[in-house]
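Asker: Just dropping this structure here.
Read-outs: derived from the displayed coordinates by stated rules, not from any lab. Owing to the predicted nature of the structure, the values given are computational and were not obtained by experimental measurement. Cβ sites come from the backbone with ideal geometry, for glycine too, and all protein chains shown count toward neighbours.
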Amino acid sequence: MYKPQRKLAVISDFHLDVNDFSKEELQIFTQLLLQLKITDLHFAGDISNDFHGITLPFFEQLQLLTGLSVTYNLGNHDMVGLKESEIAASNFKVRTFGTTAFLSFHGWYDYSFMTKEADFQKIIAFKNAFYFDRKIHRAFDDIQTTQNELQQLKKLLTELSVNETIEKIIVGTHFVPHQAFIIDTRYEKFARFNAYLGSQHFHELFKTFPKVKEVVFGHLHERRAPLVLDGIRYHAKPLGYPYEWQMVAQFLATYPQHQISEYWHWRKRYNAIRHLPEWQAFRKAHLAEEFQAAMTIFELN
């Protein structure tokens, strides 16, 4: 019997509210999904800062307009205002596509990406005073929360690995699972954010399960080319905020008169153009390309 091909698209860091997408821009997104013949869409965290008020209504509308299957795992922004039981309810989900299993989980961080010897007291003090995640109230501290994630992940991967019908596992998560993607900087005020990116322990666990072939993640707002590490292909293509979009550089190449001297300061260069009519028109014309560049697409039988 013929089975239609499924196309799974994974996108992270959509930031629906912060990016202030208009109704017309969201229509561009839905039209792109239909044009690409996506059948299954997964958001790998940071959909919005209001899970109940913004994210869930958006999912309902998206499914209504496209007929797609829409799934998700949470990022840190999504967890604001949620109880631990609500966070757990959407964690560790598995969907099967023929012989391929797609496993999604939230992830977390344990400070293992610090390039220097970690001062846990400073890390925790900075988080509690300034970092966004101070707004999140988890049941356990960061290290124990990560250990809990790893324990559940190991259990689920073990079950999938002994399942003879599953030949390949694709993982979708939010937090960074390998140190190859951490912030490389000499400045301590930026390097300390590595503490909250994720954990190397996720990769160390993945590589003990040969069926794990692909991992898609977000959180670090920097798009990278796919990178194979210990036989696992990692995909980091977050959508992120407008000042981080690739179309900003394209716009400035097209309209060099709007380039500022501090071109390396992404926020400043974006703020200098964001209200220009030329930028608004350029954003509308190229938004579909930006959305597509942030998707990792798998063709599955």
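Asker: Taking every DSSP beta bridge with both residues inside the chain, roughly what % is antiparallel (nearest 5)?
Answerer: 35 percent
Asker: Related question: Taking N as the number of residues in the stretch 241-295, what is its alpha-carbon radius of gyration divided by 2.2 N^0.38 Å?
Answerer: Cα Rg divided by the expected 2.2 N^0.38 Å: 1.05.
Asker: Taking the Cα centre of the stretch 43-201 as origin, work out the dipole magnitude from +1 charges on Lys and Arg Cβ and -1 charges on Asp and Glu Cβ, in debye rounded to 20.
Answerer: The dipole magnitude comes to about 240 debye.
Asker: Something else now. Take every Cα-Cα distance within the stretch 3-88, group them into 5 Å bins from 0 onward, and report for each bin the whole-number percent of pairs it holds.
Answerer: 3, 13, 25, 26, 18, 9, 5, 1, 0
Asker: In nm, give the distance between the simple-model label positions of ILE183 and ALA281, each being 7 Å from the Cα along the Cα-to-Cβ direction.
Answerer: So the label points at ILE183 and ALA281 sit 3.7 nm apart.
Asker: With the Cα gyration tensor of the stretch 172-282 in hand, convert its eigenvalues to equivalent ellipsoid semi-axes via √(5λ) and list them largest first in whole Å.
Answerer: 34, 16, 10
Asker: Of LEU8, SER161, GLN250, which is farthest along the charge dipole of the chain in the positive direction, counting Lys and Arg as +1 and Asp and Glu as -1 at C-beta?
Answerer: My answer, from the dipole projection, is GLN250.
Asker: Here is a further query. Could you let me know the centre-to-centre spacing of the stretch 97-168 and the stretch 242-269, using Cα atoms, in angstrom?
Answerer: Value for the Cα centre distance between the two parts: 35 Å.
Asker: If the only charges are +1 at each Lys and Arg Cβ and -1 at each Asp and Glu Cβ, what is the size of the charge dipole of the chain around the Cα centre, to the nearest 20 debye?
Answerer: 340 debye
Asker: Among the chymotrypsin sites (Phe, Trp or Tyr not before Pro) in the stretch 95-167, which ones are in a DSSP loop with at most 16 other Cβ atoms within 10 Å of the Cβ? Mind listing them?
Answerer: PHE130, PHE140
Asker: Grab the beta carbon distance between HIS137 and MET114, set R0 = 22 Å, and tell me the FRET efficiency rounded to 0.05.
Answerer: Plugging the Cβ-Cβ distance into 1/(1 + (r/R0)^6) gives 0.40.
Asker: Here's a follow-up. I'd like to know which of ASN49, ILE38, TYR72 lies farthest towards the positive end of the charge dipole of the stretch 17-140, counting +1 on Cβ of Lys and Arg and -1 on Cβ of Asp and Glu.
Answerer: So the residue we want is TYR72.
Asker: Could you compute the FRET efficiency for THR96 and HIS258, with r as their C-beta to C-beta distance and R0 at 51 Å, rounded to 0.05?
Answerer: Result of the calculation: an efficiency of 0.55.
Asker: Looking at the stretch 113-161 from every direction and averaging, what is the projected area of its Cα convex hull in nm²?
Answerer: The orientation-averaged projected area of the Cα hull of the stretch 113-161 comes to 4.8 nm².
Asker: OK, next. So in the stretch 171-295, what percent of DSSP beta bridges are antiparallel if you round to the nearest 5?
Answerer: That works out to approximately 30 percent antiparallel.
Asker: I want to verify a result. In a Gaussian network model of the chain, Cα cutoff 10 Å, which of these has the top mean-square fluctuation: GLU214, GLU60, GLU289?
Answerer: Among GLU214, GLU60, GLU289, the largest GNM mean-square fluctuation belongs to GLU60.
Asker: Can I ask one more? Taking the stretch 78-136, which GluC sites (Glu not before Pro) meet the DSSP loop condition and have no more than 10 other C-beta atoms within 10 Å?
Answerer: Answer in residue order: GLU117.
Asker: Return the sequence-ordered ³J(HN,Hα) values of the stretch 132-145 in whole Hz as given by the Karplus equation 6.51 cos²θ - 1.76 cosθ + 1.60 applied to θ = phi - 60°, using x for Gly and Pro.
Answerer: 3, 5, 4, 7, 9, 10, 8, 6, 10, 6, 4, 5, 5, 4
Asker: Return the single residue from GLY45, GLY81, GLY67 with maximal mean-square fluctuation; model: Gaussian network over the chain, springs between Cα atoms under 10 Å.
Answerer: Greatest mean-square fluctuation among the candidates belongs to GLY67.
Asker: Still on this structure, I have one more. Excluding residues on the same chain fewer than 8 positions from LYS122, give the lysines whose Cα lies under 21 Å from its Cα.
Answerer: Filter leaves LYS135, LYS189.
Asker: Compute the length gained on full extension between SER22 and GLN246: take 0.36 nm times their separation in residues and subtract their Cα-Cα distance, giving the result in nm to one decimal.
Answerer: 78.7 nm
Asker: For a quick check: sort SER161, SER85 by the number of other beta carbons within 10 angstrom, fewest at the front.
Answerer: The most exposed by this proxy come first: SER85, SER161.
Asker: Please rank GLU164, GLU244, GLU290, GLU159, fewest neighbouring Cβ atoms within 10 Å first, as an exposure proxy.
Answerer: So the ranking, lowest neighbour count to highest, is GLU164, GLU159, GLU244, GLU290.
Asker: Using only alpha carbon pairs under 8 Å that are at least six residues apart, calculate the relative contact order of the chain and give it in whole percent.
Answerer: 23 percent
Asker: Same structure, new question: Can you pull the Rg over Rh of the stretch 6-240, Cα-only, Kirkwood?
Answerer: 0.95
Asker: Just subtract the alpha-carbon distance of ASN128 and ARG223 from 0.36 nm times their residue separation and send over the number in nm, one decimal.
Answerer: 31.4 nm
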